[in-house]
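Working notes, beginning with the structure itself.
The values are calculated or read from the model by the stated rules, or taken from the named source; none is laboratory data. Predicted model only: the values in this text are computed from it and were never measured. Glycine gets a Cβ as well: all are built from the backbone with ideal geometry, and neighbour counts include every protein chain shown. SASA here: full protein model, heavy atoms, side chains in, ligands and nucleic acids out. Shrake-Rupley method; radii C 1.70, N 1.55, O 1.52, S 1.80 Å.
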Amino acid sequence: MNKNQIPNFLKHELDFFVDQCNFTDKEKEFLYLSNKEETLESIAEKLNYSVSTVNRISKRVKNKIMKVL
């Protein structure tokens, strides 16, 4: 896993983070796609975003996760 990837979580862990982290809809969608081991490039393509936008979303998601841990 590189530094831009979010680790794979179990379903109950994902549910916990979604419940506790106040993710936006974009962030939730990113989280579920990244948990399926999608690359940032493929996530960007599926969400119709640029890779830099997906990178920013990834950083926000990681920061929110770290705050609840």
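Computed values, structure above
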{"quantity": "Dipole of the chain, positive direction: furthest Cα of L14, S34, T24, with charges on the beta-carbon", "calculated": "T24"}
{"quantity": "Where trypsin sites (Lys or Arg not before Pro) in DSSP loops with at most 14 other Cβ within 10 Å are excluded, longest remaining stretch of the chain", "calculated": "37-69"}
{"quantity": "Computed FRET value (nearest 0.05) for L14 with S52, which takes r as the C-beta separation and R₀ as 25 Å", "calculated": "0.50"}
{"quantity": "Cα gyration tensor shape for the chain, rounded if a/c is under 1.5, else prolate or oblate", "calculated": "prolate"}
{"quantity": "Heavy-atom surface of the chain, accessible at 1.4 Å and reported per residue (Å²)", "calculated": "68 Å²"}
{"quantity": "Eligible aspartates and glutamates near K46 by straight Cα distance, threshold 17 Å, same-chain separation 8 or greater", "calculated": "D25, E27, E29, E37, E38"}
{"quantity": "Spin-label model distance (nm) - K36 vs I6, 7 Å beyond Cα toward Cβ", "calculated": "1.4 nm"}
{"quantity": "Accessible area of the chain belonging to carbon and sulfur atoms, whole % at 1.4 Å probe", "calculated": "50 percent"}
{"quantity": "Check: the chain dipole with +1 on Lys, Arg Cβ and -1 on Asp, Glu Cβ, in debye", "calculated": "320 debye"}
